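Below is one structure, written out as C-alpha cells; comments come after it.
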Amino acid sequence: MGRERMSSVDTAWLRMDSPVNLMMIVGVHVFEDPIEYENLRKVVQARLLFYRRFKQKVQIDPNGAWWVDDEHFDLDQHVHRISLPGKGGKRELEKLVAALSTESLDFTRPLWQFHVVENYQGGNAVVVRIHHCIADGIALIGVLLSMTAPTAEESLAVPAAPSWIKTRSSADNANVWEDFFAPVTKVAARTLKMTGDLASTALGEANEVIQHPDVVAQRAVEVSSLLSHVARDAAQIALMADDTPTSLKGKPGRAKCVAWTEPLPLTEVKTVCKALGCSVNDVLLSCVAGAIRGYLLSVGDTIPCDAEIRAMVPVNLRSAGAEHKLGNKFGLVPLTLPVGIGNPLARLYEVRRRMNDLKGGYQAVIAMGVLGLVGTLPRQVQAAALSMFTNKATAVMTNVPGPSEQLYMAGAKMSQIMFWVPQSGDIGLGVSILSYGGGVQFGVITSKKLCPQPSEIIDRFGPEFERLIMTAMLVGPSLAVDPQAAEFELFPEIKVEFDRMQAEAAKAAAAERAAERARKAATATQVGKSAKRTKAGAADASSEGDDARASSPAKSASKPASVAADAPKKRSRFAQLRAET
C-alpha cells in the first residue's frame with residue numbers, strides 16, 4: 001500500500017475544517033446540452049484519476065497526516081447523479097450548491113465528489129467538491145481543465161496522459177489578477193531563491209565563495225535588505241487593526257447561501273479601464289466594494305466615510321509553468337475595500353492606490369510560511385495562530401482564471417463555470433471573480449445567519465459597473481481622472497457644502513492665530529509687570545500673574561475653541577451628504 005507524508009501546509013488545510021466552514025473548494029460547470037453520465041465517468045477515469053492523489057485517502061496517526069492508496073476505490077462513490085426540484089432553474093441550483101457546501105466529504109475515501117445535475121435549464125450542470133488539502137484553486141482549475149478540450153470530439157478521446165490547458169495565452173487578459181500579482185509571485189521566487197542560494201553557496205560551494213567574495217558580500221546585502229522588508233510586512237500583518245464592524249461580520253452559522261451573476265463582457269470592462277486609466281482588477285474590485293456598500297446600506301448598516309471591508313486574497317506562489325501541480329502553494333494578502341466612499345470614481349482610484357501599495361510586498365510569502373509552520377503544531381495552537389488572519393477580515397476574495405474560449409467536457413459544451421474557495425475561522429463571506437470564454441462574472445457564498453440573501457449583493461455588481469460607465473461619460477475624459485472635480489461637476493450641492501466648510505475652516509484657523517497672538521501679548525505684559533514689582537511682593541505678584549495668564553488666554557481662545565469643536569460635526573454633515581449622493 002502506497003503511503004506518502006502530507007506536507008505541513010496541506011496538513012494545515014486538512015485540520016482547518018470547522019462545523020461552520022468546511023475546507024472544500026466548490027465549483028459549478030454549466031453545459032448547454034446534456035452531458036452523458038457514462039461519458040463523464042470515462043473522462044474522470046482517464047483524465048482525473050491520472051493524478052494519483054484522487055485515488056488516495058487521508059490517514060492520520062500520532063506522527064502526522066499521510067496520503068494512502070485506497071485499495072477499495074470505487075468511482076461510483078465519487079460520481080453521483082442528482083435532480084433538482086421544481087422548475088430546475090438557477091435558484092434551485094444555487095440552493096443545491098449551498099447545501100452541498102455544508103455537507104462534509106467522507107474521510108474514509110478520497111476527498112472529492114462530482115454531482116451530475118441532470119435537469120438544469122434544458123442542459124445540465126456538474127457540481128464539483130474537492131477538499132483544500134488536495135490542492136489550492138489554481139492547481140485544481142488546471143487539473144479540471146485537463147478534463148476538457150477545444151472540440152466535442154477531442155473531449156471524448158482518451159489520451160495517454162491528460163494535457164493541461166493553459167488558463168490564458170500570452171496575449172490574453174482573461175486572468176484579470178495574474179498580471180497584477182505577478183510581482184508578488186516574482187518576489188516569492190526571489191525570496192526563496194536568494195536565501196536558498198546564499199545557504200547552498202555557503203555550505204556546499206565553499207571554494208567558489210572564497211574565489212568570489214564580492215558576490216557573497218553583495219548577496220549578503222541583498223538578503224539583509226530582504227529580511228528588513230519581510231520584518232516590516234510581518235509587523236503589518238501582526239498589528240492589523242480590525243476592519244469596520246458591519247452586519248457581514250460576526251459568528252457565522254452552518255447554513256450557507258450561494259448566488260452568482262451572468263458574465264460581464266470582458267471587452268467592455270477593458271474599454272472602461274482604458275478610458276479611466278485603471279486596470280481590469282481595479283474596476284472589478286471597485287464594483288465589488290460598491291455592491292457591498294449598497295447592500296449594507298439597504299439592510300440598515302451605518303456606513304461612515306472611512307468604512308472598509310478587509311478581504312484575504314489568495315495569491316499564487318508557484319513558479320511559471322507549475323500551476324497545475326497539486327498541493328497548496330499560495331499566500332494570503334490582506335486587501336481593504338473602501339466601502340465608505342460613495343463617489344464611484346473616488347472609490348475606483350482609492351482601490352487602485354491600495355492595490356499598488358500591495359505590489360512587491362512579502363505578505364503572501366509570510367502567510368504561506370505561517371501556514372507551513374502551524375501545520376506542524378497541535379490543532380489548538382494552529383487555530384490560535386490562524387485567527388491572526390481570520391479575525392481581522394470579513395471576506396475571502398479570489399479570482400479563478402479561465403481560458404478565453406469556451407471548452408468541451410465529455411462531449412458537451414461548457415457555457416459557464418463558477419468556483420468558490422472556503423472561508424476559514426469566523427469569516428462568513430466569500431467572493432469569487434471568474435473569467436471564462438470572454439466574460440467575467442461574480443459569485444458570492446455567505447453564511448445564511450449573516451447574509452440570508454446574497455443575491456442582494458450579486459444583483460448590484462452589474463449596476464455598479466454601469467454606474468461607473470455613466471459617471472465617466474457624464475464628466476468626460478478631462479474630469480474622469482480627477483474624482484473630486486468630477487463629483488463637484490455632477491453634484492453642485494456638494495461643491496457648495498465643500499466651499500462653506502473650507503471658508504469656516506479658514507475662519508477658525510484665523511481665530512486660532514489671533515488667540516495665539518493674544519496669549520503671547522498677555523504673557524509679555526505680565527512678565528513686564530512682574531519685573532517692576534519689589535522683591536518683597538514678588539510671591540503675590542507671581543500668583544496674580546499666574547491667574548491672569550490662566551484667565552486671559554482662555555477668554556481670548558474661547559470662541560476659536562468652540563469653532564474648532566464644531567468642525568467634526570460639520571465634516572460629519574459633509575461626509576453624510578457625499579454618501580447620500
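The values are calculated or read from the model by the stated rules, or taken from the named source; none is laboratory data. As the structure is a prediction and not an experimental result, all values here were calculated from the model. Every residue, glycine as well, gets a Cβ built from its backbone with ideal geometry; the counts of neighbours run over all protein chains shown. Surface areas here come from the heavy atoms of the whole protein model, side chains and all, with no ligands, DNA or RNA. Shrake-Rupley method; radii C 1.70, N 1.55, O 1.52, S 1.80 Å.
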Where a residue in segment 505-519 is surrounded by 14 or more Cβ atoms within 10 Å (Cβ to Cβ) and its partner, wherever it lies, is part of a helix (DSSP H, G or I) and among the polar types (S, T, N, Q), with Cβ under 6 Å and at least six apart: Ala515/Ser556; Ala518/Ser556
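Inside segment 467-476, can you point out the residues that are in contact with a helix residue (DSSP H, G or I) (Cβ under 7 Å, 6 or more places away or on another chain) and at pLDDT below 75? Please lay out each step first, then the result.
Within segment 467-476, the first condition is being in contact with a helix residue (DSSP H, G or I) (Cβ under 7 Å, 6 or more places away or on another chain), and the residues that meet it are 467-469, 471-472, 474-475.
Of everything in segment 467-476, those that are in contact with a helix residue (DSSP H, G or I) (Cβ under 7 Å, 6 or more places away or on another chain) and at pLDDT below 75 turn out to be Ala472, Leu474, Val475.
Among Gly290, Gly294, Gly327, Gly300, which is the only one that is surrounded by fewer than 24 Cβ atoms within 10 Å (Cβ to Cβ) and at negative phi? Even if it seems obvious, please write down each step before you answer.
Working: Gly290 fails: surrounded by fewer than 24 Cβ atoms within 10 Å (Cβ to Cβ); Gly327 fails: at negative phi; Gly300 fails: at negative phi.
Testing whether each residue is surrounded by fewer than 24 Cβ atoms within 10 Å (Cβ to Cβ) and at negative phi leaves just Gly294.
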Total residues in segment 49-84, condition closer than 18 Å to Trp13 by Cα and of a type outside the set (Val, Ile, Thr): 12
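Of the residues in segment 433-466, how many are part of a loop (DSSP other than H, G, I, E, B), open to solvent by less than 10 Å² (accessible area, probe 1.4 Å) and either in contact with a helix residue (DSSP H, G or I) (Cβ under 6 Å, 6 or more places away or on another chain) or within 13 Å of Trp260 (Cβ to Cβ) (or both)? Give the steps one after another, and end with the answer.
From segment 433-466, those part of a loop (DSSP other than H, G, I, E, B) are 437-438, 448-454, 459-460; that's our starting set.
Pick out the ones that are also open to solvent by less than 10 Å² (accessible area, probe 1.4 Å) and you get 451, 454.
Retained after the next criterion (residues that are either in contact with a helix residue (DSSP H, G or I) (Cβ under 6 Å, 6 or more places away or on another chain) or within 13 Å of Trp260 (Cβ to Cβ) (or both)): 454.
Residues that pass the stated criteria total 1.
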Residue ID - most open to solvent (accessible area, probe 1.4 Å), chosen from residues in segment 1-28 that are in a strand (DSSP E or B) and not basic (Lys, Arg): Glu4
Selected residue (only one of Ala510, Ala531, Ala524 is at pLDDT 75 or above and over 57 Å from the mean Cα position of the chain (by Cα)): Ala524
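When residues of segment 303-317 are filtered for being open to solvent by 30 Å² or more (accessible area, probe 1.4 Å) and either out of contact with any Gly (no Cβ under 6 Å at 6 or more places or on another chain) or of a type in the set (Val, Ile, Thr) (or both), how many remain? It would help to see each step written out before you state the result.
Applying the first criterion (open to solvent by 30 Å² or more (accessible area, probe 1.4 Å)) to segment 303-317 yields 304-306, 308, 314, 316.
Adding the requirement that they be either out of contact with any Gly (no Cβ under 6 Å at 6 or more places or on another chain) or of a type in the set (Val, Ile, Thr) (or both) leaves 308, 314, 316.
Qualifying residue count, segment 303-317: 3.
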